[in-house]
Structure formats: C-alpha cells, structure tokens
1. May I ask you to list pairs of residues, at least six apart or on different chains, whose Cβ atoms are under 9 Å apart, with the first in the stretch 237-250 being among the polar types (S, T, N, Q) and the second being at pLDDT below 60?
2. Filter the stretch 30-60 down to the residues that are part of a loop (DSSP other than H, G, I, E, B) and small (Gly, Ala, Ser), then identify the one that is surrounded by the most Cβ atoms within 10 Å (Cβ to Cβ).
3. Can you name the helices (runs of 4 or more DSSP H) wholly within the stretch 89-199 that have at least 2 residues being free of Cβ contacts under 8 Å to residues at least 60 places away in the same chain and within 20 Å of the chain's Cα centre (by Cα)?
4. Which residue out of Glu61, Glu54, Glu38 is acidic (Asp, Glu) and more than 28 Å from Pro271 (Cβ to Cβ)?
5. Just need a number here: residues in the stretch 239-271 that are closer than 20 Å to Ile197 by Cβ and modelled with pLDDT under 90.
6. Scan the stretch 272-283 and report the pairs whose first residue is buried (at least 18 other Cβ atoms within 10 Å of the Cβ) and whose second residue is outside any helix (DSSP H, G or I), with Cβ atoms within less than 7 Å and a gap of 6+ or a chain change.
Amino acid sequence: MSDSFAARRALIDRTLADAASRTGAPAVLAAPIRRALESPGKRVRGILLIAVGEAFGCRAEKLALAAAAIEMIHASSLILDDLPSMDDALLRRGAPTLHREFGEDLAILTAVSLLNHAYGAIAKAHGELSPRRWQMQQVVQRVVDAVGWDGTIAGEAVDLHSEGSTLDFDTLEFIHSRKTGALFVAAAAVGGMLANIHSAPLQRIEVFAKNLGLAFQITDDVLDVTSNPAVLGKDVGKDEQRLTFSKLAGVDGAREIAQELVATSLVAIEPLGAAATPLRELATMVRDRVR
C-alpha cells in the first residue's frame, strides 16, 4: 500500500478508535463494539470515499467521519455474514469471528448498533461541511439505498440461497454488484457529494466505483480458491457450494474479468485528469491484491 493510502487508512483507524472509546454502551456491549471497530482491515471503502472527496477539493480530515461510517457499515455486514445462520465462519481479519468470542446475541446487537451509528455519523459529517451542494437527505439516502433491500442485503439474501442452484452470469453479477459493489458506489458517491461534486462527474465516479467493486469481489472469489487463511486472515473454501466467478469462468477467466473491470473503471475517470490519480492508484491496488 502506498504512503498516501496508508495515511488515509491511519486516519480512518484513528476515527474508528475514537468512536470506540466514546460509545457510552454498557460494558457487556462496549467490548464487542470496540473489537469490531478496531479490528484491522484494509479500509478500502473508506479510502475510496476520501480519495474521491480529495479529488474534488475536500480535505481528508473533513471526510474521515464519513469514511469511518462506511467502514462501520462494512464491519456490520461482515459480522452478520459470519453468523452460524449464514456462513458460519470461524476466522475474520486474523481473529475469531465476533460471535465466537462474544456470543451470537451480542454479535447481532453489535452489527445493528454499528449500522445505526453509521447513518448518524454520515449526517454529522454532512452537517459539519460548508458550503453544501447536496442536501443531507440525498447523501444519507444514497447510503440507505446501498444497504437496503435492493443493496447489500438483497445480494446477501440471493447469495445465501444460491447453494445447489444453477445460476447464470446475470444472477451472479446481481449478487456481487449488490453484496460488494453497492457499498463501493455509495462510498465514492458520498465522498464526491461531501466535496460538492457536480452531477456529471458524479456519474463517472459511480461507474468507476461499480466496476471496481465488482472487480474486488471477483478477486475475492479467486483468493478463496488460491489462497489460505494465514494470508487472508479469514476462512477460505466457504464458497464451495455456491456459484462464483471462479467456478463460472475458471480461475484464469475470473482474473481476466477482474482486469477488464478495472480497465473499464479507469476509462470512466479519464476525463477527470490528474485529480483522479489516487483513484487510478486504488484501482491498480485492487487489481494486484493478494489478500
């Protein structure tokens, strides 16, 4: 990871740690919340939000709270995804999954609390910025739509009930564009909206993020087959009973699709010029990642 991305990740980590220290939750709930907020992650979605906002003239420090909120939503989705009723995972980010350490009841409550707090954090981030081209309702609704019944929740539902099914490319794209891509697009959109982006470049940014998010998930499919828990910090082989891009196109074919998606994402931001250099670097990082 480049120094600039490492600095953005450190900023997000500090913001999450600050939130963890001020929850006001009872001790029994504060402990799993702290674990969830401070668990080490790549912070790709938060970094994407900051990189987009910076490309349109907003300082990273002004975007840190919104970036942390996106990471809270992502953490919430991972906690739920790992539950025994879903993937029944043992390992996440190199440590036992939250429900294994604190119990399924507190894991669910932690996930819900993170999601709830995230919406408030995004609203607060909007309220602290001036001037404001976009209304608070527009910014928050962008995230609500990404998470809701046509967003990550929809993708997860279809994915969970895909085992043993013969699915086609369109259904697989539906799953991944929502389960992973929707939050990528929302992160990029919120970063731009908080930086007072105009509608035309916002559309380009969203095309960039949609393709990048799908490429990120396809790479996950590949790594689930080719890597191991020591490298990834999470269980592998959990998708054996589901259709993935690796099964549909083979490992090499899936890698090629991911590369094509990254190339398409880069085409979308060509007109943005030098300001989009961090976004190009982020796309390269997603394309070449090994964990």
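1. Once the first residue is among the polar types (S, T, N, Q) and sits in the stretch 237-250, its partners that are at pLDDT below 60 give Ser246/Asp239.
2. Selected residue: Gly41.
3. 104-127, 136-147, 152-160, 169-176, 182-194
4. Criteria check complete, one pass: Glu38.
5. 0
6. Ala276/Ile269; Leu279/Ile269
The values are calculated or read from the model by the stated rules, or taken from the named source; none is laboratory data. None of these values were measured; they are calculated from a predicted model. Counting neighbours? That spans all protein chains shown, and the Cβs are built from the backbone with ideal geometry, glycine included.
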